[in-house]
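K.L.:
Submitted below is the structure of interest, expressed as structure tokens.
The values are calculated or read from the model by the stated rules, or taken from the named source; none is laboratory data. Keep in mind the model is a prediction, meaning the values are calculated, not measured. Every residue, glycine as well, gets a Cβ built from its backbone with ideal geometry; the counts of neighbours run over all protein chains shown.
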Number of protein chains: 2
Amino acid sequence: MFSIGQLSSKTGVKIPTIRYYEDIGIITNAGRSAGNQRRYDDAGLRRLAFVKHARDLGLPLDAIRELIALDHGADQPCEDAHRIAADHLQHLRNRIARLQTLERELTRIASVHDSGYASDCQVIAALADHHLCETSH
Amino acid sequence: MFSIGQLSSKTGVKIPTIRYYEDIGIITNAGRSAGNQRRYDDAGLRRLAFVKHARDLGLPLDAIRELIALDHGADQPCEDAHRIAADHLQHLRNRIARLQTLERELTRIASVHDSGYASDCQVIAALADHHLCETSH
DNA sequence: CTAATGTCTCTAGTGGCTAGAGGTTCAAGA
DNA sequence: TCTTGAACCTCTAGCCACTAGAGACATTAG
């Protein structure tokens, strides 16, 4: 049995975040000490570690909730888990692609400055005017 | 002179968002009709278009606020604007790199399913256990 | 037993909007 | 001129995933 602080340092999840997860039902309500402080065991640790890892991978809490529910008895847990992971992967790839477009655009905008223009601020002008963009976004 | 709805369709910024921008001082308070409805001119349009474009590029509103202030009289507006753009570009590149790490990891996790394992759910196991990861994140 | 540290609950704030309620104004057609 | 219906107004509350802070109580090392 360990305290919330110990759980926090074992998992790397901050204390207020652990309490928040309990509030919204992502982790189960912890047992309490005689003085009303939360006490955790290995099962609590494993569950929080699962949540942490999934969050680090960028999964939203709702998806994590689903995965936890699957783990506790669904017909095709693995099918569904795979679907959730694949969905998230798709989101991730879209986001990366979009960010790369912006990166190219912003690189171009930022480089105007270095290329010797002096009169007006080309950086601000480029930010102001979408028509100066080479790609759509 | 045009209404908020017209401004919205010209710029692609939704009406509640325009009002929100006015609230927080990103755009200046609009003039009003006799019946208290907002009325805009070309200057208002240009300013909102600037904000929109910068938001599309992912700049946070605070950075946009700074850029607007620069445009209205700083000593070295272009230097500062360039710094803001370059900072943002750095953020963007970090985020892309991080997302790419996650993408690789998640691809690996999702592919376990396809590779013929059947007994336990390897997808859930991989999500649960950080030690199964090949890279740190 | 004391002092320091840890933990408790509760409220409110973050960014960047979005949704909805309930009321007012505008512009076009009869 | 009147009426209708769309557009507009303000205000409050909600979204996600936390984070910060206040003021009080619990635990633990010495």
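K.L.:
Go through segment B:1-21 and report how many residues are assigned to a loop (DSSP other than H, G, I, E, B) and more than 9 Å from DNA strand D (Cβ to nearest atom).
P.N.:
In the first step, residues of segment B:1-21 are kept if they are assigned to a loop (DSSP other than H, G, I, E, B); the result is B:1, B:3, B:12-14.
From what's left, more than 9 Å from DNA strand D (Cβ to nearest atom): B:1, B:12-14.
Qualifying residue count for the region: 4.
K.L.:
If only one of A:Ile64, A:Ile24 is within 11 Å of DNA strand D (Cβ to nearest atom), closer than 22 Å to A:His88 by Cα and surrounded by 18 or more Cβ atoms within 10 Å (Cβ to Cβ), which one is it?
P.N.:
Working: A:Ile24 fails: surrounded by 18 or more Cβ atoms within 10 Å (Cβ to Cβ).
Exactly one residue qualifies, and that residue is A:Ile64.
K.L.:
For a quick check of your reading: which helices (runs of 4 or more DSSP H) sit entirely within segment B:39-137 and have at least 2 residues that are aliphatic (A, V, I, L, M) and modelled with pLDDT under 85? Step through it out loud before you land on a result.
P.N.:
Values: elements: B:42-56, B:61-71, B:77-114, B:122-128.
It comes to B:61-71, B:77-114, B:122-128.
Conditions (1) in contact with a helix residue (DSSP H, G or I) (Cβ under 8 Å, 6 or more places away or on another chain); (2) over 15 Å from B:Ile18 (Cβ atoms); (3) more than 9 Å from chain A (Cβ to nearest Cβ), marked per residue:
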| residue | (1), (2), (3) |
| --- | --- |
| B:Ala43 | no, no, yes |
| B:Ala49 | yes, no, no |
| B:Arg55 | yes, no, yes |
| B:His72 | no, yes, yes |
| B:His88 | yes, yes, no |
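K.L.:
Using beta carbons and a limit of 7 Å, which pairs, at least six apart or on different chains, have the first residue in segment B:114-127 and within 17 Å of A:Asp87 (Cα to Cα) and aliphatic (A, V, I, L, M) and the second one part of a helix (DSSP H, G or I) and modelled with pLDDT under 60?
P.N.:
What qualifies is B:Val123/B:His113.
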